[in-house]
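K.L.:
Just dropping this structure here.
The values are calculated or read from the model by the stated rules, or taken from the named source; none is laboratory data. Note that the coordinates shown come from a computational prediction; the quantities given were computed from them, not determined experimentally. Cβ sites come from the backbone with ideal geometry, for glycine too, and all protein chains shown count toward neighbours. These area figures cover heavy atoms from the full protein model, side chains too; ligands, DNA and RNA do not enter into them. Shrake-Rupley method; radii C 1.70, N 1.55, O 1.52, S 1.80 Å.
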Amino acid sequence: MAKRETPRLDSLNKKKKEKEKKMDESSKHQQEENVGDKQLHQGFSGDEEELTESESDGPVLSEDEDYVSADGDDSLHNDPSEENEGGSSESHQGIEESDSSEDEVAPRNTIGDVPLEWYKDEEHVGYDISGKKIKKKVRQDKLDSFLASADDSKNWRKIYDEYNDEEVELTKRETRLIRRLLKGKAPHAEFDPYAPYVDWFKWDDAKHPLSNAPEPKRRFIPSKWESKKVVEYVRAIRKGLIKFDKPKEEPRVYHLWGDDSSSTEKAGHGLAYIPAPKSKLPGHEESYNPSLEYIPTQEEINSYQLMYEEDRPKFIPRRFLSLRSVPAYENAVKESFDRCLDLYLCPRARKKRINIDPESLKPKLPSRKDLKPYPVTCYLEYKGHKGAVMSIATEASGQWIASGSIDGSVRVWEVETGRCRRVWEIGEAVHYVAWNPLPGLHILAVSSGQDVLLLNTGLGNDEEQKNIEQLLRIETPGSMDDTGNTTSIVSWVQDDKHGGIRLKHFKTVSSVEWHRKGDYLSTVMPAGESRAILIHQLSKKLTQRIPFKLHGLPVSSIFHPTRSIFFISTKKNVRVYDLLKQKLVKKLETGLREVSSIAVHPAGDNVIVGSREGKLCWFDMDLSSQPYRILKCHPKDITNVAFHHSYPLFATCSDDCTAYVFHGMVYSDLNQNPLIVPLEILRGHSSTNGRGVMDCKFHPRQPWLFTAGADSVIKLYCH
């Protein structure tokens, strides 16, 4: 097999020069110009894959061909005449004698890896092999170099060698290699990138694998030699023959005035350790020879004795001429003891500080314009009472309103006109009035002293009046309790003077509330002890005690608007009872100093409670027994609270002569909390004997609010 040919640049150049001498000078110049122009335009990225030679150079060589033929023939594709003359034998002889390391031309410059920047300002670029300086060639300007390159057809093949300071002309073989590299191919055309795989470990006559021995047993059982070695190490450690390196103990020193948090002893505690605060360092006043401005005069020292002890300065500066004359500090032991006492008794806690914009903590409430209608301005005033109006009540249709005053009179007013329809002179201060909730039953309950009067207002048609007169007629004296025995708790008496019934109690009645069906009413006597709350049935003229034990002094009571549930509020909490099952359902913990009033939402699941300290508690009974919201709205006592029957409104009135109107939306979705938005503060009443607004009630159909004041005026606020 013939030896593969290495690059033979010298032999090719010799043959090329011999051919050029034989060519005619005129045809030679013409052919070289044509070839040079063509190659100048295509460069290294030319589209043609063949590099043409002159006509006398022989056949054309393609890119994929090399100087060595595929079958191993070392002869070039030259003219037949040259082959006959023995040129091929000479080339074979040159190939056999040549070596790749011998063909490489050594660089002229012998400076090695020295940066050429060091010779930037010198006249030479280095030294040759004999030690002579290699002078820098004179550089042509850009215009001359451009003209020279335009005249030279082979200029596109020339490359400047900065290391040797010379221009090198690439051969056709080198340009062909560069073209193949630019196209991503192998440099040599004879290289086969997809050669067949040779499996060196596969023979046709193989009968057995490389190793067919079974797995040894030692791979599946623990090594006894390793266990023996471990036992030796354990015995050596126990005897002390093997000793481990102990951690280096750092000296217990610390910075006297430094921060304890950086101490290495406290580093193991992490975030749990909080360093004690440093005591105040001594200043100029504590100096033994302070400046004159720090020394107080005798007058200032005398004024210190008149101050409180906490305001008095702890140390009075004094001046000494020398440090030897400074006496012992008289409060040293006391201050040290106080310091130790503070560190021992005062706990230190780490508080995480969160940087939050205060505006982002404010709840996003809807605009008041979107929550209309609600009462805003005073529309009417009802004047006629001579004393403070303690209570008001609205009729079911909203056409009439009743009021009771401490002047002993009860009046019925027409809402739209302000006309006084009727007046009853009770003769004793009226504490509470309540209108029967049924539209056709115009009966008014009035509490005055120890009596409760059921009055016929005279409203309605003749048929309704007949039913009212029949209900307010007592056929048998006395009353029967739930066991059928005559009781002396309350006596039902016919009152011919006022045309109604008088229920005589044994204690003063503070409030009266009707059941939604209009046949039952409850009365509250705060001083009645176990019989403080009674329930009366109008149709049967019966009175019965509630079957529950009272805990504390009762303040008010109210029926549930839809179910048989009864609310009793004491001074501290509110208890919810089921009248049918006769058991306690829930206890609402108000956390207030003293409860003053209570109101139930028309849906029955939310309760508001007013207090004597000006706070309002909203309870969501489905959520918890604790208040959902606590609103501090009035600076003085809240006298009454009220819900609207159809609009999402509730109001509070206080002795500060104001009434607050709120938007209270209760959603049917249990996952959504009630929305509470303050809307308006209604003013207009004047204070009398320290009392302001005594009662407030909503109109049953319109978003109007009635307020009764201690100034004997009733006001109507409309939207």
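K.L.:
Order F662, F244 by their accessible area, 1.4 angstrom probe, all chains in place, largest first.
P.N.:
F244, F662
K.L.:
Hull surface divided by four, with the convex hull built on the Cα atoms of the range 368-440: how many nm²?
P.N.:
6.2
K.L.:
Here are some pairs, K571/K615; K549/K583; K517/K541; K517/K549; which of them have Cα atoms lying more than 18 Å apart in this structure?
P.N.:
Listed pairs above 18 Å: K517/K549.
K.L.:
Students often check this: by mean Cβ neighbours within 10 Å, which of 569-577, 466-474, 336-344 ranks highest, and how do the rest follow?
P.N.:
569-577, 466-474, 336-344
K.L.:
Apply the Karplus curve 6.51 cos²θ - 1.76 cosθ + 1.60, θ = phi - 60°, to the phi angles in the range 467-472 and return the couplings in whole Hz, x for Gly and Pro.
P.N.:
Per residue, the Karplus-derived 3J(HN,Hα) values read 5, 5, 5, 5, 5, 8 Hz.
K.L.:
Quick check: the distance between the Cα centres of the range 420-476 and the range 303-321, to the nearest angstrom?
P.N.:
Using only Cα atoms to place each centre, the spacing works out to 77 Å.
K.L.:
Rank-order 305-315, 505-515 by packing density, defined as the average count of other C-beta atoms within 10 Å over each peptide's residues, highest first.
P.N.:
505-515, 305-315
K.L.:
Which three extents, in angstrom, do the Cα atoms of the range 290-385 have along their principal axes, listed largest first?
P.N.:
Principal-axis extents of the Cα atoms in the range 290-385, largest first: 87, 46, 30 Å.
K.L.:
Measuring with a 1.4 Å probe in the full set of protein chains, what accessible area per residue, in whole Å², belongs to the range 552-689?
P.N.:
Normalised by residue count, the accessible surface of the range 552-689 is 43 Å².
K.L.:
For the range 612-705, with equal point scatterers placed on the C-alpha atoms only and solvent neglected, what are the log10 I(q)/I(0) values from the Debye formula at q = 0.15 1/Å, to two decimals?
P.N.:
Log10 of I(q)/I(0), two decimals: -0.61.
K.L.:
How large a share of the accessible area of the range 353-491, in percent, is made up of carbon and sulfur atoms when the probe is 1.4 Å and the other protein chains stay in place?
P.N.:
C and S atoms contribute 48 percent here.
K.L.:
Which of the peptides 605-611, 354-360, 225-231 is most tightly packed, and how do the rest follow, judged by the mean count of other Cβ atoms within 10 Å per residue?
P.N.:
605-611, 225-231, 354-360
K.L.:
Using all Cα-Cα distances in the range 102-169, what percent lands in each 10 angstrom bin from 0 up to the longest?
P.N.:
Whole-percent P(r) values from 0 Å outward: 17, 43, 29, 11.
K.L.:
For the range 543-607, what does the alpha-carbon gyration tensor say about shape, rounded, prolate or oblate, given a ≥ b ≥ c as the root eigenvalues, a/c under 1.5 as rounded, and a/b over b/c as prolate?
P.N.:
oblate
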